[in-house]
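Worksheet for the structure shown next.
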Amino acid sequence: LTSSKHINFAEVSPATSLFTPSRDSGIAIFGNINKLNLSGGIFYESDSTGTNIAPGNVHYTARIFYPFTFRKTTVHLGGSVRYNSLGKSSTVSYKAKVLPLEKIVDFDLQADYVTVYGVELALFYDKTWLNGEYFLNITKTLDDTNPTFKGFYVSGGRLFKGSKKYSPAKGIITGVEGENSVWELTLRFSTSNLNDGTIRGGTIDEYTLGLNWYYGKFKWQVNYTFVKLDSEGSGNGFIILWQLYK
């Protein structure tokens with residue numbers, strides 16, 4: 001629901017970083033039937049230059065969403081699926097980093113493929129917005145333990161001026177509009193469960209309170225984050241981000 005340029009917080013939720021790739025390169029096709037939008041693509045895991053860093057690891061993706069409009073209210077409802085064929089590497093990594101605790105989850109599984117199902121929901125009304133995503137991750141491991149992991153986040157915000165920009169064609173948030181100087185208060189809760197059977201990856205609960213200031217082409221973000229990891233205790237701290245976002 002958000003791109004790296006228009007992210008509502010200084011960093012993505014632990015659930016997002018665990019169950020979605022940090023960077024992919026590939027091709028995608030898009031189409032729509034009235035307001036019903038569909039897309040599909042083939043991608044590979046890459047670095048910032050587009051170089052393939054996991055040869056044989058191919059992601060097949062599909063997404064569908066529909067934006068409903070009721071007077072001043074827009075509701076986004078969508079779903080997605082990603083099939084990750086691991087090829088010769090046969091290794092899938094689960095990593096999530098929340099800055100107050102540095103590296104909080106980092107483990108690998110030997111597997112044939114991974115399937116991730118996602119559900120998206122967002123609401124935009126005047127200066128208020130809410131959005132969330134749910135992830136169901138099924139790993140087909142070489143030892144047939146086949147763990148199922150899950151996680152979700154719910155976030156919201158209130159702008160004191162202007163309004164949130166949403167693209168009904170792309171199904172993503174694309175910044176703010178209406179004023180040259182905009183303040184925004186944000187709140188997020190995220191939880192992830194990486195325990196299933198003999199696999200004990202841990203559980204992560206994260207709470208973030210944020211303040212954003214959009215001025216012209218620039219964005220400043222201050223976040224206070226509290227995170228609890230069942231195997232390593234808890235931590236908290238501030239994150240500050242400055243970004244040229246237009």
Residues of the stretch 193-221 being over 19 Å from residue 163 (Cα atoms) and either in contact (Cβ under 8 Å) with a residue 60 or more places away in the chain or under 19 Å from the mean Cα position of the chain (by Cα) (or both), which ones? 193, 194, 199, 201, 202, 203, 204, 205, 206, 207, 208, 209
Within the stretch 13-63, the residues that are among the basic types (Lys, Arg), surrounded by fewer than 18 Cβ atoms within 10 Å (Cβ to Cβ) and under 18 Å from residue 83 (Cα atoms) are 23
Filtered residues of the stretch 123-138 (kept if touching a Leu at 6+ places or on another chain (Cβ under 6 Å) and either closer than 23 Å to residue 202 by Cβ or crowded, with 21+ Cβ neighbours inside 10 Å (or both)): 131, 132
Checking the conditions here, which among 215, 166 is of a type in the set (Phe, Trp, Tyr), surrounded by 15 or more Cβ atoms within 10 Å (Cβ to Cβ) and at pLDDT below 95? 166
Among the residues of the stretch 83-99, count how many are in contact (Cβ under 8 Å) with a residue 40 or more places away in the chain and either surrounded by fewer than 14 Cβ atoms within 10 Å (Cβ to Cβ) or basic (Lys, Arg) (or both). 2
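The values are calculated or read from the model by the stated rules, or taken from the named source; none is laboratory data. Keep in mind the model is a prediction, meaning the values are calculated, not measured. Here the Cβ is made from the backbone with ideal geometry for all residues, glycine too, and neighbour counts use every protein chain on show.
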